[in-house]
Structures are given as structure tokens and as C-alpha cells.
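To start, the structure itself, in C-alpha cells.
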Amino acid sequence: MKDYYVTVCAACRCASCWHGEFFCGRARSTGTVDVLASVLAVENNEHRNHFSRRNVIRVCGAIREVERVK
């Protein structure tokens, strides 16, 4: 399966914060970063449903996939 980018809060690195579902204490004063979904899965900061393909499409309208060179 192809990896994809997820925009997350730069402070807590959670998609749910950036998506407006569960704000962290620094949400108002920080920016965002784009992180690969595979990296977010390893970091395990939140449940994978928050950055699932389905949820990212629901919130952002599209997925930015990444092709890995093997």
C-alpha cells in the first residue's frame, strides 16, 4: 500500500488536533507539518482512525500519496 502525507499539528503531531476534533494546549499558537502516515503509526500519538485515508479525505478532500522506491 502506498504511503501518504497527513497534515498534523506541529506541537502535538496529531491529526485530530489539526482537524479540530481534540485540540492540544498549543493548538492556537503553532503551525502544521506534513508527516507520512507510516511515521504517525510508529509514533503512536493517537488512534490510527484519526489519520486514516478515509478521515483525511473527509477533512481535507484528497490524499497526497507517496511512491516509495524499492
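Report the paramagnetic label zone for ARG58: residues of the stretch 7-27 whose backbone N is under 19 Å from a point 7 Å from Cα along the Cα-to-Cβ axis. Backbone N within reach: 7-9, 14-24. Size check on the chain: the Cα extents along the three principal axes, sorted descending, read 39, 22, 20 Å. Of the GluC sites (Glu not before Pro) found in the chain, those that fall in a DSSP loop while having at most 11 other beta-carbon atoms within 10 Å are GLU67. Here's how it looks for VAL6: its modeled amide H is under 5 Å from those of VAL35, LEU36, ALA37, which are all 5 or more places away or on a different chain. With both labels modelled 7 Å from their Cα along Cα-to-Cβ, the CYS24 to SER38 distance reads 2.3 nm. Over all other residues within a Cβ to Cβ distance under 13 Å of GLY20, the charged ones net out to +1, with Lys and Arg as +1 and Asp and Glu as -1.
Laboratory data are not the source of any read-out in this text; all were calculated from the coordinates shown. Note that the structure is a prediction, hence the values are computed from the model and not measured. Using ideal geometry, Cβ is built from the backbone for each residue, glycine included, and neighbour counts are taken over all protein chains shown.
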